[in-house]
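A short write-up of the structure that comes next.
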Amino acid sequence: MPVVVVASFTAKPESAEVVNAACTKAIEAVHGEPGCELYSLHRTGDTFVFIEQWADADALKAHGTAPAIGVLFAEIGEHLAGSPDIKMLDPVPAGDPAKGRLRA
């Protein structure tokens, strides 16, 4: 069963572009990870949000220890205004099934 994750973090104002560059650099490597169905970066001001979908819990677990994530957090750690907020989500089916859920 697919696993959906929303990971958000806020950059220090003076570091937003450094964080943006590191995040966009990581995307290609993460897209190549087994089980990655969606790994999409969004931004509002200094806050960055990854919306992710993984094929299953094992794929998400592997992603958590993948080299790309280690490199990403090593590059952005000192540039963040606080700890990342990472949530695994359960779908709540409602409305039109084609519009009411994420798809890869």
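Before moving on, here are some points about what is shown:
- For the stretch 64-76, backbone phi angles converted through the Karplus equation (6.51, -1.76, 1.60; θ = phi - 60°) give residue-by-residue couplings of x, 10, 6, x, 4, 6, x, 5, 4, 6, 5, 6, 9 Hz, Gly and Pro being listed as x.
- Near the amide H of K12, within less than 5 Å, lie the amide hydrogens of L80, A81, all on another chain or at least 5 residues away, with H placed in the peptide plane.
- Accessible area of the chain belonging to carbon and sulfur atoms, whole % at 1.4 Å probe: 60
- Taking every C-alpha pair closer than 8 Å and separated by at least 6 residues, the mean separation divided by the residue count of the stretch 13-104 gives a relative contact order of 29 percent.
- At the residue level, E14 shows approximately 140 square angstrom of accessible surface with a 1.4 angstrom probe and all protein chains present.
- With DNA, RNA and ligands ignored, accessible area of S15 (1.4 Å probe; Å², nearest 10): 10
- Straight Cα distances below 24 angstrom link K25 to the lysines K12, K61, K87, with same-chain residues fewer than 8 positions distant left out.
- Across the stretch 1-40, the volume of the C-alpha convex hull divided among the residues equals 60 Å³ per residue.
- Reduced Cα scattering model of the chain, Debye log10 I(q)/I(0), q = 0.21, 0.23 Å⁻¹: -1.11, -1.26
The values are calculated or read from the model by the stated rules, or taken from the named source; none is laboratory data. Only a predicted model underlies this, so the values are computations on that prediction, with no experimental measurement involved. Note: accessible area is taken over every heavy atom of the protein model, side chains too, but ligands, DNA and RNA are not part of it. Shrake-Rupley method; radii C 1.70, N 1.55, O 1.52, S 1.80 Å.
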